[in-house]
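*Asks:* Quick one: the structure is below, questions incoming.
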């Protein structure tokens with residue numbers, strides 16, 4: 001009897017909070033609908049996948065979304081200026097993890113409360129009470145299929161140090177914030193400084209016009225491009241290019257969601273964050289080439305992308321040593 | 001007698017009333033002028049000095065506005081490096097070379113179009129100006145495909161024709177940067193000088209020829225000398241724009257290690273974990289000081305000289321008969337058009353019908369890019385906003401520029417020099433830095449003033465950015481108009497406003513029209529301030545184009561670019577039709 005009661009209490013205890021949470025969440029959704037509007041500040045410019053998720057959110061909840069897209073540093077400066085002037089206009093902030101870390105340090109965000117779907121986030125990612133992982137950009141190599149025979153394709157990151165690639169590598173700049181800097185840090189951590197010294201001797205050509213760089217390789221100006229953002233693969237389908245994830249894996253960088261300080265529509269912000277972590281939303285990103293942050297999604301991804309996403313995540317950059325690494329890159333790649 | 005007395009009283013009363021009326025008008029003039037000047041100075045202070053003060057604070061403070069920090073000179077001390085000396089030398093060298101080349105070419109083209117019997121001059125004038133209106137990102141993409149050393153169309157054609165494996169052109173070089181900048185500078189300077197050529201009284205040239213001077217001597221000593229205010233203004237505007245140019249250097253210079261001031265600033269702001277606003281603003285102020293010296297030099301060059309070419313006498317523009325040479329001048333114009341418009345635009349037009357830029361396969365033919373732009377609601381919203389801002393901004397800017405130019409060139413009113421400097425300031429600060437000044441300045445305004453986050457923020461920024469052009473265009477035109485026409489008008493009883501409208505603006509209005517078009521399309525292209533000041537709902541075309549570009553849709557960007565070109569053609573056609581009609585009535 002006692003045993004049954006204890007078990008019953010335990011059961012009630014385990015179910016109780018879930019019921020309460022569900023009940024609370026329904027209230028959050030109601031409040032969000034009453035707010036009726038959501039303002040998102042994002043550094044993901046022109047992403048059709050991002051817009052697709054926003055559209056599904058609008059349709060599902062009837063909450064109108066206003067989107068402000070700008071480059072990472074511009075979003076950060078706008079938020080900083082607005083908040084210091086007492087203008088609290090944005091609700092959700094969506095940016096790379098480095099910028100998010102810096103802004104969190106500067107106090108631009110507030111705890112979001114609770115978002116049920118954060119429980120589905122898988123390792124190595126985790127949510128804090130302020131920052132929620134959103135999606136992951138993976139970097140690999142890209143070759144021009146007409147210029148690089150399958151036998152000559154690099155299998156390892158170290159293969160790009162072969163003298164045959166000298167002067168034939170087009171690359172994002174390692175000395176500036178972005179994919180190039182992420183690649184620099186991860187290769188440095190994996191292979192050491194010598195890797196970069198040898199790569200510098202290969203005289204890679206730097207360009208920050210990423211979208212155009214990929215097409216320059218497709219047109220045959222260069223046979224090899226790095227680091228190639230996997231999510232751009234969809235845009236290039238039909239061109240003679242091939243993404244290659246080397247044996248060691250792929251460097252990555254995470255995008256995060258946060259709630260801006262004094263957000264005018266906090267409930268709508270929470271509902272949107274929850275929607276973003278729904279498997280259906282994450283599948284939109286995964287099919288586009290982003291690695292999802294919740295479980296059970298990679299398995300449902302389109303076959304051609306699944307193989308690339310199933311590879312090992314090599315590592316990423318950390319905000320604390322970003323400047324030191326950029327400085328080191330400047331010294332090596334003069 | 002009684003009636004005569006009454007009549008006399010009535011007349012005296014009328015005269016007294018008239019005198020009183022004159023007195024009140026005089027009072028209005030006396031007090032209205034300082035009030036007007038004060039209002040003008042305050043307006044210019046808000047538009048140009050206010051954002052500059054915000055930036056100056058940023059250059060002298062360890063942190064941007066709103067963050068606790070200390071005042072220091074670290075930003076200025078930090079720019080004194082060997083690396084920056086190279087950057088400065090690159091910047092000045094590139095801008096100087098491209099401005100000299102563009103000026104020479106633009107003056108030649110303007111002379112051909114305005115003062116010779118070259119066939120098809122009306123059409124040529126429109127064609128020559130087209131490159132200015134094409135977004136630089138598009139021509140850069142087109143030239144990257146045409147002139148890259150490896151598989152550029154020009155080099156492939158050269159290798160096929162010559163049988164050699166050498167490279168004819170490589171746009172990723174100093175020459176490539178200069179060439180790309182020239183494509184904008186040449187039509188810009190051309191637009192500045194062509195109407196000045198057209199508005200010049202040919203009697204001056206005829207006198208020179210009658211005195212035995214050759215055609216070349218006449219051109220150099222009379223025509224070109226009289227064009228000095230216009231050409232030096234155009235030179236300085238173009239040189240400064242060259243110093244502030246970003247796209248050409250970042251596309252064709254950075255990949256081969258050519259850095260200029262703007263790419264260095266861009267790195268400081270956007271490419272570091274912690275944006276270094278202090279260093280970026282300090283570098284901008286150093287560049288500003290340099291450019292200010294140029295302005296002082298221009299003033300010294302032009303001081304005390306008369307450049308009057310439009311007098312009260314009637315005249316019709318003189319046309320030089322070139323004989324067979326006219327086909328050579330026609331060829332020069334066509335060559336310029338082919339190189340700067342037909343090649344890159346042809347590439348863009350062709351690419352807009354294929355799935356991917358530069359891949360011309362039959363199975364990739366598509367109208368999808370046009371359909372996609374047509375169905376893009378953001379594009380249409382941005383189009384409406386841009387048209388509204390373009391028309392309102394260009395009109396307001398020309399009105400302000402016309403008044404500023406009048407005060408600085410036609411009066412000796414106290415404060416006119418201050419006005420001149422205030423109107424110049426925005427031109428001397430790189431757009432991406434000035435954009436931050438506007439952002440800081442507008443955000444901290446009291447919330448009751450509805451500027452931040454509205455179309456007003458963009459409009460005010462555009463007016464500030466366009467005012468230097470408006471002032472230069474109109475003041476150069478004013479300087480060519482003899483003061484006796486104005487005095488004649490005043491002597492015959494016309495008021496100040498009447499004289500301004502019926503004499504000065506009427507005579508200088510072709511310049512107004514050119515200025516309006518320059519500013520309108522400047523607004524259409526402006527990105528640096530727009531990206532920082534737009535809010536959801538107030539997007540403009542340049543922002544939408546950036547989104548398309550970064551989103552990997554250069555084909556859609558080229559569709560928008562082509563739409564803009566059609567607009568340009570329409571505007572220029574209407575403008576030239578009206579000018580032609582107007583000139584014939586002069």
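Just so you know, all these numbers are worked out from the coordinates, no wet-lab data involved. Just so it is clear, the structure is predicted and the values come from calculations on it, not from any experiment. So basically every Cβ, Gly included, is an ideal-geometry build from the backbone, and we count neighbours across all protein chains shown.
*Asks:* Compute the long axis of helix A:2-35 from its Cα atoms, compare it with the longest principal axis of the Cα atoms of chain A, and write down the angle in degrees, 0 to 90, nearest 10.
*Replies:* Rounded to the nearest ten degrees, it is 70.
*Asks:* Still on this structure, I have one more. Can you tell me what share of the DSSP beta bridges in chain A is antiparallel? A percent to the nearest 5 is fine.
*Replies:* Numbers: 24 of 41 bridges.
In chain A, approximately 60 percent of DSSP beta bridges are antiparallel ones.
*Asks:* For segment B:95-186, what relative contact order do you get, as a whole percent, if you take Cα pairs closer than 8 Å and at least 6 residues apart?
*Replies:* Numbers: 72 pairs, mean separation 32.7, N = 92.
Rounded, it is 36 percent for segment B:95-186.
*Asks:* At q = 0.07 Å⁻¹, work out log10 I(q)/I(0) for the protein assembly as shown with the Debye formula, treating every Cα as an identical point scatterer and leaving solvent out; two decimals please.
*Replies:* -0.64
*Asks:* Further question on the same structure: Please report B:447, A:94 as a ranked list, fewest other C-beta atoms within 10 angstrom at the top and most at the bottom. If you can, show how the numbers build up before the last one.
*Replies:* Numbers: B:447 11, A:94 25.
Fewest to most other Cβ atoms nearby, the residues stand as B:447, A:94.
*Asks:* If you line up the long axis of helix B:153-162 against the longest principal axis of chain B, both from Cα atoms, how many degrees apart are they, to the nearest 10?
*Replies:* Between the helix axis and the principal axis of chain B, the angle is about 60 degrees.
*Asks:* A further question follows. What percent does the relative contact order of segment B:82-351 come to when contacts are Cα pairs within less than 8 Å and at least six residues apart?
*Replies:* Working: 302 pairs, mean separation 85.3, N = 270.
Reported as a whole number, the value is 32 percent.
*Asks:* Using 1/(1 + (r/R0)^6) with R0 = 41 angstrom and r between the beta carbons of residue A:327 and residue A:27, what's the FRET efficiency to the nearest 0.05? Mind showing how you got there, number by number?
*Replies:* Working: r = 50 Å, r/R0 = 1.22.
Approximately 0.25, to the nearest 0.05.
*Asks:* Give the percent of DSSP beta bridges with both residues in the protein assembly as shown that are antiparallel, rounded to the nearest 5. Before the final figure, lay out the partial values.
*Replies:* Details: 26 of 45 bridges.
Close to 60 percent.
*Asks:* Using Cα atoms only, what is the angle between the long axis of helix A:179-191 and the major principal axis of chain A, expressed in degrees (0 to 90) to the nearest 10?
*Replies:* Once rounded, one gets 80 degrees.
*Asks:* Residue B:391 to residue B:413: extension gain in nm, 0.36 nm per residue of separation minus the Cα-Cα distance?
*Replies:* On the way: separation 22, 0.36 × 22 = 7.92 nm, distance 3.08 nm.
Extra length available between residue B:391 and residue B:413 comes to 4.8 nm.
*Asks:* A further question follows. Using helices alone, I'd like the mean residue ellipticity at 222 nm for the protein assembly as shown: each DSSP H run of four-plus residues gives -39500 (n - 2.57), total over residue count, nearest 500. Could you put the intermediate results ahead of the total?
*Replies:* Values: 37 runs with 546 residues, N = 920.
Value at 222 nm, helices only, nearest 500: -19500 deg cm²/dmol.
*Asks:* Any idea what Rg and Dmax come out to for chain B if you just take the C-alpha atoms, in Å?
*Replies:* 26.4, 111
*Asks:* List the relative contact order of chain B as a percent without decimals, with contacts defined as Cα pairs under 8 Å and 6+ residues apart.
*Replies:* Details: 734 pairs, mean separation 118.9, N = 586.
Relative contact order, chain B: 20 percent.
*Asks:* Starting with the highest mean, order B:249-258, B:219-228 by the number of other Cβ atoms within 10 Å, averaged over the residues of each peptide. Don't jump to the answer; show the numbers that get you there.
*Replies:* Values: B:249-258: 21.1, B:219-228: 17.5.
Going from most to least packed, we get B:249-258, B:219-228.
*Asks:* Plugging the Kirkwood radius over Cα pairs into Stokes-Einstein for segment B:82-351, at a temperature of 20 °C and a viscosity of 1.002 mPa s, what D comes out in µm²/s? Could the numbers behind the result be given before it?
*Replies:* Details: Rh = 20.6 Å.
After rounding, the answer is 104 µm²/s.
*Asks:* Taking 7 Å along the Cα-to-C-beta vector as the label spot, tell me the residue A:162-residue B:210 distance in nanometres, rounded to one decimal.
*Replies:* Reported label-point gap for residue A:162 and residue B:210 is 8.2 nm.
*Asks:* Give the Debye-formula value of log10 I(q)/I(0) at each listed q (0.14, 0.15 Å⁻¹), with one equal scatterer per alpha carbon of segment B:364-586, two decimals each.
*Replies:* -0.95, -1.04
*Asks:* Oh, and also: Which semi-axis lengths, in whole Å and largest first, follow from the square roots of five times the eigenvalues of the Cα gyration tensor of chain A?
*Replies:* Working: eigenvalues 312, 104, 74 Å².
After scaling each eigenvalue by five and taking roots: 40, 23, 19 Å.
*Asks:* On average, how many beta carbons from a partner chain sit within 10 Å of the beta carbon of a residue in B:264-274? Before the final figure, lay out each step's value.
*Replies:* On the way: counts 0, 0, 2, 6, 0, 4, 10, 10, 9, 16, 7.
Per-residue shielding by partner chains comes out at 6.
*Asks:* Taking every residue in A:197-210, how many Cβ atoms of other protein chains lie within 10 Å of its Cβ, on average?
*Replies:* Working: counts 0, 0, 0, 0, 0, 0, 0, 0, 4, 4, 6, 9, 12, 3.
Across the residues of A:197-210, the mean count of other-chain Cβ atoms within 10 Å is 3.
*Asks:* How would you rank B:551-561, A:36-46, highest first, on the average number of other Cβ atoms within 10 Å across their residues?
*Replies:* Values: B:551-561: 24.3, A:36-46: 20.8.
Ranked by mean Cβ neighbours within 10 Å, highest first: B:551-561, A:36-46.
*Asks:* Shielding of A:216-223 by partners, i.e. mean partner chain Cβ atoms within 10 Å per residue?
*Replies:* Values: counts 8, 0, 4, 10, 4, 8, 3, 1.
The per-residue average across the peptide is 5.
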